[in-house]
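Student: Okay, here's the structure, questions in a sec.
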Amino acid sequence: MDFAFRLLAFVAGVAVAAGTIISAVRTFVLPRSAPDTLTRVIFLVVRLFFEVLIKGRTSYHVRDRILALYAPFA
């Protein structure tokens, strides 16, 4: 049982690592970035977080200061 769990954990780890590497290559290395699901999901989650931060802020300057951090995080 212990061996089966370790094998499953190893396979899952390799899959996560491979998915991350493939996503990075598709996003940063390819000349015309191919659509990538992982990149899109992270982009949308970060955008949602920043939308929550700026909700209710009416001042343009406050919203601009918060959203200035969006690009480095996304």
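The values are calculated or read from the model by the stated rules, or taken from the named source; none is laboratory data. All of these numbers come straight from a predicted model, not from anything done at the bench. Cβ placement follows ideal geometry from the backbone for every residue including glycine, while neighbour counts extend to all protein chains displayed.
Student: If you go through the range 1-50 one residue at a time, how many are among the polar types (S, T, N, Q) and either farther than 21 Å from LEU69 by Cβ or at pLDDT 95 or above (or both)?
Tutor: Filtering the range 1-50 down to residues among the polar types (S, T, N, Q) leaves 20, 23, 27, 33, 37, 39.
Subset that is either farther than 21 Å from LEU69 by Cβ or at pLDDT 95 or above (or both): 20, 23, 33, 37.
Going through the range 1-50 one residue at a time, the tally reaches 4.
Student: Right, next: When you go through (1) part of a helix (DSSP H, G or I); (2) on the phi > 0 side of the Ramachandran plot one by one for ALA24, which number turns out not to apply?
Tutor: (2)
Student: Mind checking whether some residue in the range 50-58 is surrounded by 11 or more Cβ atoms within 10 Å (Cβ to Cβ), touching a residue at least 24 places away in the same chain (Cβ under 8 Å), among the aromatic types (Phe, Trp, Tyr) and in a helix (DSSP H, G or I)?
Tutor: We begin by selecting, within the range 50-58, every residue surrounded by 11 or more Cβ atoms within 10 Å (Cβ to Cβ); these are 50-51, 53-54, 57.
Now narrow it down to the ones that are touching a residue at least 24 places away in the same chain (Cβ under 8 Å): none.
No, that holds for no residue.
Student: If PRO35 satisfies all but one of (1) under 21 Å from PRO72 (Cα atoms); (2) under 14 Å from the mean Cα position of the chain (by Cα); (3) part of a helix (DSSP H, G or I), what's the number of the condition it fails?
Tutor: Unmet condition: (3).
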